[in-house]
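Chemist: Let me give you the structure first, and then I'll get to my questions.
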Amino acid sequence: MDDARNIKDLLYEQVARIGKVFSSPKRLELVELLCQGEKTVETLARETSISMKLASAHLRALRESHLVETTRQGKNICYRLADKSVADLWVRIHTLAEDRLTELQRELQKIAVQPDDLVPSDRDSLLKAARKGEVVVLDVRPTEEYLTAHIPFARSIPLGELRQRLDELPRDRSIVAYCRGPYCLMARDAVELLRREGYSARQLRDGVAEWGFTRSFPCV
């Protein structure tokens, strides 16, 4: 009986390692960023507003749990997700949290320009409309992330370039902007800018991880 108990305890302890890694808000953010493609420690530290030392510590914890891998490109150490299943786990975790936590639901509504502006995740309808040219799906992430993976028929204009490139967008069609996922604010900022300039624009809450398009690509 004691042997059986010890075996079960060891098994649950190993599984709990994944839970411990995902218990850190910053590590969750790092995983979301890595869903966009490979990135250097410098890029990850800058995007998460933490020091290089702290970013390295979080990445080491993710690596020790075999959730991320590293490659060297010149002088840079690049991190990537070990497998698409890691991105899928991140999506399942935040989706469960959104279903269960009313506090999170309230905060998510604040991300939208207006509470009813979030485009429903009806992917078939959106893709059909984009294919026909009835809407413009706009990816406002950095170009490198767009090249790694993007929603079908999406057009790339990074948020920092959007004001200077407005003339590339039609004014007679609705624009649906998306970025890294439900907790990224770039799409919200893009929608606000587009509306001020007279465009019909809404925000898509999902990113490439939610659509299942995550894959590895050269480090950025």
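Chemist: Could you tell me whether any residue of region 189-200 is touching a residue at least 12 places away in the same chain (Cβ under 8 Å), touching a Cys at 6+ places or on another chain (Cβ under 9 Å) and under 21 Å from V31 (Cβ atoms)?
Modeler: no
Chemist: Only one residue in L34, L30, L62 is among the hydrophobic types (A, V, I, L, M, F, W, C), crowded, with 22+ Cβ neighbours inside 10 Å and closer than 17 Å to Y146 by Cα, so which one is that?
Modeler: Values: L30 fails: closer than 17 Å to Y146 by Cα; L62 fails: closer than 17 Å to Y146 by Cα.
Criteria check complete, one pass: L34.
Chemist: Out of the residues in region 81-108 meeting the condition of being outside any helix (DSSP H, G or I) and without any contact (Cβ under 8 Å) to a residue 60 or more places away in the chain, tell me which one is nearest to A187 (Cα to Cα).
Modeler: From region 81-108, those outside any helix (DSSP H, G or I) are 81-83, 101; that's our starting set.
Imposing the further condition that a residue be without any contact (Cβ under 8 Å) to a residue 60 or more places away in the chain reduces the set to 82-83, 101.
Values: A82: 27, D83: 26, L101: 23 Å.
Out of the qualifying residues, it is L101.
Chemist: Quick test of your reading of the structure: R46 fulfils all but one of (1) within 21 Å of Y146 (Cβ to Cβ); (2) part of a helix (DSSP H, G or I); (3) at pLDDT below 95. Name the failing condition by number.
Modeler: The single condition R46 does not satisfy is (3).
The values are calculated or read from the model by the stated rules, or taken from the named source; none is laboratory data. The structure presented is a predicted model; accordingly, all values stated were derived computationally and were not measured. In this analysis, Cβ positions are derived from the backbone assuming ideal geometry, glycine residues included, and neighbour counts consider all displayed protein chains.
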